[in-house]
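Here the structure comes first, spelled out in structure tokens, and everything after it is commentary.
Every number here is computed from the coordinates shown, using simple stated rules; none is lab data. Please read all numbers here as calculations on a predicted model, not as lab measurements. As a convention, Cβ positions derive from the backbone with ideal geometry for all residues, glycine included, and neighbour counts pool all protein chains shown.
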């Protein structure tokens, strides 16, 4: 299992919701995703990035793995900030992306318990980025047309280590 990279068509699909309480493969999926994320190294990974079309993300900002099922942003701050983001599916490049500074995310943990996260700054950005993957969106999709062309050019010129 590996992290898919642009332009793999699986990255453009919308992932399906799951029932974490009855998904027998969920624990194994989260474990494999976490290992791939740490090995990359990265701070977040969505199931579609490994070709699994399930609404599952893993994140680790503070040496604590967080796994969310069916995450949904239910509130965003009016305040936004534009900053450079990288992506494991677009290795070697960064893209300027505007995001809400604060978000409230509702989801389920891997046992099916409801979770509510109030996130700010980098954690809010990370949640928004990973949920974008569940909706088939990459950072280049949030760029202006000119920025997108430049980012794809940089990506195509970047020598792959894989």
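Calculated FRET efficiency, residue 40 to residue 13, Cβ-Cβ distance, R0 = 25 Å: about 0.75 to the nearest 0.05. If you fit an axis through the alpha-carbon atoms of helix 121-134 and take the longest principal axis of the Cα set of the chain, what angle between them do you get, 0 to 90°, nearest 10? It works out to around 90 degrees. Helical runs assigned H by DSSP (4 residues or longer) give the chain a calculated mean residue ellipticity at 222 nm of -8000 deg cm²/dmol, each run adding -39500 (n - 2.57) before division by the residue total. Mean sequence separation of contacting Cα pairs (under 8 Å, at least six apart), scaled by the length of segment 9-157, corresponds to a relative contact order of 26 percent.
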